[in-house]
Amino acid sequence: MVPFFITFLAGCSTLIGFLFVYLKNDSTKILVSSLAFAGGVMFFISLFDLIPSSFSEICTTYYIIPAFLFCSLFLVIGLIFSMMIDKYLPDNSYHDQKLYRVGMISMIAIMLHNIPEGIATFLTSNHDLKLGITLAIALALHNIPEGISVAVPIYYSTDNRKKAFFYTLISGMSEFLGAIIAAIFLVGFSNSMFMGCLYAIIAGIMMHISVYELLPSSFRYHHSFRTILFFLIGAVFMFFSSLLLH
């Protein structure tokens, strides 16, 4: 039950993004800071937690050089997978005259991202609780700006907070759906080699999201110093979180 609970909480964090519809001032700065902070968190967790964990798990089955090659291969697979999602999903950038459509597209895109994230969080927590908690924290922080990207355009296009809350909830709960899928179909395949490959794939996806989605989205609003500052704050926050958990 603990992996389900951890995944559920990570998904619920999307709703924190809904709270930003109540803020009237400096909404652009809030969005810039949230995107950059999540980018720093995801970059750190990929580089200093997931990749070392992947290599360590694969080393239980193979020697160092084959383990390194497997880790690198599945890292690249994760990068390519995330790039393919970017290529075939519509752009989520803000256009004031089409805010409602943007919110709906954001919701669909986030649901497609969150289902594999839920699978990863559940399987990771089931295999290694500490790493699962670390991953859930990273995803939870990443989910906050995702919630903003759904709630804010839906609210400002409809002036309806209930509708904004409902669509944000749907996008967040897709992560819990991923946990259910993992529990029913995938938990029997969970071994050291499988988890090592999964960690590398997740790391590749997270690095791509951080470097090619979150950071460019933050820089787009022309607050470069704020973007860099909150990216570093996110990385430092995750560093101290990892120290506490380990």
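None of the figures in this text is laboratory data; all of them are computed from the coordinates on show. What you are looking at is a predicted structure, and each value in this text was computed from that prediction instead of being measured. Every residue, glycine as well, gets a Cβ built from its backbone with ideal geometry; the counts of neighbours run over all protein chains shown.
A straight chain from Met193 to Val236 at 0.36 nm per residue would run longer than the Cα-Cα distance by 12.5 nm. For the chain, the relative contact order works out to 45 percent when only alpha carbon pairs closer than 8 Å and six or more residues apart are counted. Taking Cα atoms only, the orientation of helix 224-245 departs from the longest principal axis of the chain by about 40 degrees.
Among Thr168, Thr61, Thr124, the residue with the largest mean-square fluctuation in a Gaussian network model of the chain, with springs joining Cα atoms closer than 10 Å, is Thr61.
Rounded to the nearest 20 debye, the dipole magnitude of the range 30-245 is 420 debye, with +1 charges on Lys and Arg beta carbons, -1 on Asp and Glu beta carbons, and the Cα centre as origin. A convex hull fitted around the alpha carbon atoms of the chain yields 117 Å³ per residue.
Each residue of the range 191-200 is assigned a 3J(HN,Hα), and the resulting list reads 9, 4, 5, 4, 5, x, 5, 5, 4, 5 Hz, derived from the Karplus form 6.51 cos²θ - 1.76 cosθ + 1.60 (θ = phi - 60°), x at Gly and Pro.
Taking 0.36 nm per residue of sequence separation and removing the Cα-Cα distance, the Ile108/Ile170 pair yields an extension gain of 21.4 nm.
Dipole of the chain computed with +1 at Lys/Arg Cβ and -1 at Asp/Glu Cβ about the Cα centre; of Gly178, Leu50, Ile64, farthest Cα towards the positive end is Gly178.
Taking the C-alpha atoms only, the angle from helix 129-158 to the longest principal axis of the chain is near 20 degrees. For the peptides 134-141, 46-53, 225-232, 35-42, the ranking by mean Cβ contacts within 10 Å, running from highest to lowest, is 35-42, 134-141, 46-53, 225-232.
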